[in-house]
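Working notes for the structure below.
The values are calculated or read from the model by the stated rules, or taken from the named source; none is laboratory data. Computed from a predicted model, the values in this text were never measured in an experiment. All Cβ positions, even for glycine, are placed from backbone atoms using ideal geometry, and neighbour counts span all protein chains on display.
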Amino acid sequence: MKAIMKKVAGPGLSLEEVEKPTNLGPRDVLIRVRRASICGTDIHIYEWNEWAQSKIRPPMITGHEMAGEVVAIGSAVTRVKVGDVATTETHIPCETCYQCRTGRMHVCKNLKILGVDRDGIFAEYAVIPETVLWKFSPEIPLDYASVMEPFGNAIHTVSSTNLLGKTVLISGAGPIGLMAIQVAKVGGATTVIVSEVDPFRIEMAKNNGADVVINPMEKDLVKEVYSQLDDGVDVLFEMSGSKKALEDGLKCVTMGGETAVLGLFGKKIDIDFDSLITMRGITVHGITGRRMFQTWRIADELLRTKKVDLSKVVTHVLPFEEWDKGFELMLNRKCGKVVLNLDTISR
């Protein structure tokens, strides 16, 4: 089968011919991958940054966002059957630790990540544990089912607090930030302000329903927010991973407000915790992954009932063989989500 691999340590990926997996454990499922989308994590692996060098052990198949069809199941599998369509959670839990046993599998103590700690889904076929499969509603198009994992990040972040009648600031209009705009509106937010510096993403934020978009490179974000809302915003969703965006965003939050942080900074950062958070009574939520499987249920319902329109976020659907073009688009930040169509492969 064809697979996109990190064959050797160093920058880049390559399309290779590899053996189709055949050995299934009792609770494993063989998936024929039909759509796969490119994530920021895949870009880190492609670029071979410090994080990737510390985590990835070549050779391995990368990728973790997909939609596909069940073609074989292990002897103990009960949740899916051959012919079902499914997508997958990235976080593979041990199911036995304290977190897993108390409803927090997404922060499992022994967590493994698909496409990072084991072979991923940038391939014609992939073996995935039954535990992490989500059988999505048939009304959901494959292109959008393949991005349910990052969509879940947006939902997990936004649902960290009750937004009914609240005002919101989203820092960063990458794909997850764009999804968060729509989810916040569905959740009852009255005003959604977005902070973004990239012209392409500014336009996408407007197209996804942002009420106000501010470029902090051109205008003072804090002054602009308070010119719109006398008391600042009720909630900040930090999606950018920028220290400056976090600091300015916190200044925009009303006394006693909330913030949820999904963006990763990639290093230690210093902020004035006393004046920005403690003395202002700000509640901070750290967000990672998706709640399993509450978030997936919400994602499925929002897409099934068309309450969220991911056509405003998925900007490119490319043949699998044009994967390098997809990575180029991502590297140049001239896209939303990029989906690879594996149905184009002659099987």
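General observations
- There is at least one residue in the stretch 274-287 that is in the same structural domain as I176 (by TED's automatic domain parsing), over 19 Å from the mean Cα position of the chain (by Cα), in a helix (DSSP H, G or I) and in contact (Cβ under 8 Å) with a residue 24 or more places away in the chain.
- Residue list for the stretch 13-67, filter: more than 25 Å from S137 (Cα to Cα), in contact with a Ser or Thr (Cβ under 8 Å, 6 or more places away or on another chain) and acidic (D, E): D42
- Among the numbered conditions (1) without any contact (Cβ under 8 Å) to a residue 40 or more places away in the chain; (2) buried (at least 22 other Cβ atoms within 10 Å of the Cβ); (3) over 16 Å from L163 (Cβ atoms); (4) in contact with a helix residue (DSSP H, G or I) (Cβ under 6 Å, 6 or more places away or on another chain), the only one that V222 does not meet is (2).
One line per residue, one yes/no per condition, for (1) part of a helix (DSSP H, G or I); (2) surrounded by 24 or more Cβ atoms within 10 Å (Cβ to Cβ); (3) of a type in the set (A, V, I, L, M):
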| residue | (1), (2), (3) |
| --- | --- |
| E139 | no, no, no |
| Y144 | yes, yes, no |
| G152 | yes, yes, no |
| I155 | yes, yes, yes |
| S160 | no, no, no |
| L164 | no, no, yes |
| V168 | no, yes, yes |
| G177 | yes, yes, no |
| I181 | yes, yes, yes |
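- Total residues in the stretch 206-219 satisfying the condition of being closer than 20 Å to K244 by Cα and either touching a helix residue (DSSP H, G or I) at 6+ places or on another chain (Cβ under 8 Å) or surrounded by 16 or more Cβ atoms within 10 Å (Cβ to Cβ) (or both): the figure is 5.
- Test for R27: is it surrounded by 19 or more Cβ atoms within 10 Å (Cβ to Cβ), of a type in the set (K, R), assigned by TED's automatic domain parsing to the domain that holds N332 and in contact with a helix residue (DSSP H, G or I) (Cβ under 7 Å, 6 or more places away or on another chain): no
- In the stretch 149-172, the residues that are basic (K, R) form Cβ pairs under 6 Å with partners that are modelled with pLDDT of 95 or more, at six or more places apart or across chains, as follows: K166/A189; K166/D234; K166/V235.
- Residue check for W323: aromatic (F, W, Y), touching a strand residue (DSSP E or B) at 6+ places or on another chain (Cβ under 7 Å) and closer than 25 Å to G172 by Cβ: no
- In the stretch 105-136, of all residues being over 17 Å from T41 (Cβ atoms) and free of Cβ contacts under 8 Å to residues at least 40 places away in the same chain, the one that is surrounded by the most Cβ atoms within 10 Å (Cβ to Cβ) corresponds to C108.
- The residues on offer are F265, F293, F237, and the sole one that is within 24 Å of S159 (Cα to Cα) and crowded, with 22+ Cβ neighbours inside 10 Å is F237.
- Residue-level check: of (1) closer than 25 Å to H316 by Cα; (2) touching a Gly at 6+ places or on another chain (Cβ under 9 Å); (3) in a loop (DSSP other than H, G, I, E, B), L24 misses just (1).
- Residue among A86, A67, A72 that is in a strand (DSSP E or B), in contact (Cβ under 8 Å) with a residue 60 or more places away in the chain and assigned by TED's automatic domain parsing to the domain that holds L331: A67
For (1) within 23 Å of the chain's Cα centre (by Cα); (2) aliphatic (A, V, I, L, M), each residue gets a yes or a no:
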residue	(1), (2)
E16	no, no
K20	no, no
A52	yes, yes
P58	no, no
V80	no, yes
I92	yes, yes
V116	yes, yes
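- Flag if G249 is small (G, A, S) and assigned by TED's automatic domain parsing to the domain that holds K55: no
- Residue within the stretch 138-153 that is touching a helix residue (DSSP H, G or I) at 6+ places or on another chain (Cβ under 7 Å), closer than 30 Å to K185 by Cα and either modelled with pLDDT under 95 or small (G, A, S) (or both) present: yes
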